[in-house]
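Any read-out appearing in this document is the output of simple, stated calculations on the displayed coordinates, not a laboratory observation. None of these values were measured; they are calculated from a predicted model. Quick reminder, even Gly has a Cβ in these numbers, built from the backbone with ideal geometry, and neighbours come from all protein chains shown.
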Amino acid sequence: MLDEVIITKAIINRYLEKLDDHLEIDVAIVGGGPAGLVAGRHLARAGFKTALFERKLSIGGGMWGGGMMMNEIVVQEEARRLLDEVGVATREFQPGYYTAGSVECVSALTFAAVKAGLTVFNLISVEDVMLRDQRVVGLVINWTAVEMGGLHVDPLTIRAKYTIDATGHAAEVVNVIARKVDAELNTKTGKFVGERSLWAEKAENHTLDNTREAFPGVYTAGMCSNATFGSYRMGPVFGGMLLSGEKAAQLVGERLRAGD
Ligand code: 48F
C-alpha cells in the first residue's frame, strides 16, 4: 500500500540531504550546456566535489536545438573523442565534419557526468557571487521560480573553492562580477569585452585560448569564454564547447591539486 506522505517525505529528505551535502564544495559549475557538462564530468571523475547549477528545468543549454531547431550538431575531428567516450555515435559528413544527434549528445553527456559523480541542481539560478578579498569564494543562489515570478525572496549561498562560468553567451557570473565588484577582470580592457559576430573557425580556436581564469576563483568555459574575452561566436559547431569544458576542468583541477 502506497502512502503519499512517505513519498513526499522521501523527496524532501533526499533533496535536502543532497543540498546540505553540497553547501561547501570544490567546484561550482554554473550552466548545464555542453561545456558545463563536460567540465563537470571531468572534475567529478578526478574526485573533486562538484555541483552544477542550471537555471532551467532541462540540462543541455543550446545543444538540444542543433542549428535553427534542426536537432543535429556538428563536431570536428579533435573533439569527437569526447562524444565517443560517452557512447555517442558520430557520422562523417565530409572529411573533418562529423554529425551527431543533439538529443543523444545531451542525454549521454548528462548521464556520463552524473555517473562520474557530478551533482546537478536544476531549476536553480545563480544570481550573485560571494567574495573574500577580491576573490570569488562561492555563489548566491535562488529558485528560478523566484526569479521568474519577480518575487521578493532572499537567496541562499554555497561555498566553492572554484567557480566555472559555463552560462554561454550571457556570461552571467562574469557579468555580475563586472557590474558589482570593484576590481578588474583578467581581460585586455579589465572589463567584460563581449562577443563578436559569427566566424566559426576563429571562434572555435579562440574558445580554447579564452578558457581561463577571468577573475580570481572564476574560470570561463564554452561560449562564455569568447563573450568574456571578446571573440567570435561559432554557431552550431560544438567541438570548441566540449574541448573548452575539458580544459576548464584540467585548469581548475591543477589549481585544486596545488592547494591554491
Ligand atoms: O548556452 P549553453 O549551451 O552554453 P555552452 O555550454 O554552449 C554554447 C552552445 O550551446 C551554443 C554555441 C556553440 O555552438 O554558441 O550557444 O557554452 O548553456 C548555458 C546554460 O547556462 C544556463 C542556461 O540556462 C543554459 O542551460 N544558465 C545561464 N545563466 C545561468 C544559468 C545562471 N545565472 N544560473 C544557472 N544557470
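For the stretch 211-233, the candidate set comprises residues that are within 6 Å of the ligand (Cβ to nearest atom) and surrounded by 24 or more Cβ atoms within 10 Å (Cβ to Cβ); within that set, the residue that is nearest to residue 198 (Cα to Cα) is 223.
Of all the listed residues (56, 49), the sole one being more than 13 Å from the ligand (Cβ to nearest atom) and in contact (Cβ under 8 Å) with a residue 12 or more places away in the chain is 49.
Note on the stretch 59-74: among residues that are more than 13 Å from the chain's Cα centre (by Cα) and of a type outside the set (A, V, I, L, M, F, W, C), the one that is surrounded by the most Cβ atoms within 10 Å (Cβ to Cβ) is 66.
Residue 158 meets the conditions (1) touching a His at 6+ places or on another chain (Cβ under 7 Å); (2) near the ligand (Cβ under 9 Å from one of its atoms) in every case but one. The failed one is (2). Of the strands (runs of 3 or more DSSP E) entirely within the stretch 66-168, those holding at least 1 residues that are closer than 20 Å to residue 242 by Cα occupy 72-76, 91-94, 97-101, 119-122, 156-165. A residue that is surrounded by fewer than 23 Cβ atoms within 10 Å (Cβ to Cβ) and over 17 Å from residue 173 (Cα atoms) occurs somewhere in the stretch 132-139. A Cβ distance below 6 Å, combined with a sequence gap of six or more or placement on separate chains, defines the contacts here; from the stretch 87-98, residues that are surrounded by 13 or more Cβ atoms within 10 Å (Cβ to Cβ) reach residues that are assigned to a strand (DSSP E or B) and among the aliphatic types (A, V, I, L, M) in the pairs 88/100; 90/100; 97/74; 98/75. Scanning the stretch 192-239 for residues that are over 18 Å from residue 31 (Cα atoms), in contact with a strand residue (DSSP E or B) (Cβ under 6 Å, 6 or more places away or on another chain) and assigned to a strand (DSSP E or B) yields 196, 198, 232, 237.
Here residue 119 fulfils each of the conditions (1) over 22 Å from residue 249 (Cβ atoms); (2) surrounded by 14 or more Cβ atoms within 10 Å (Cβ to Cβ) apart from (1). For the stretch 30-46, a residue qualifies if it is under 13 Å from residue 244 (Cα atoms) and near the ligand (Cβ under 10 Å from one of its atoms), and the qualifying residues are 33, 34, 35, 36, 37, 38, 39.
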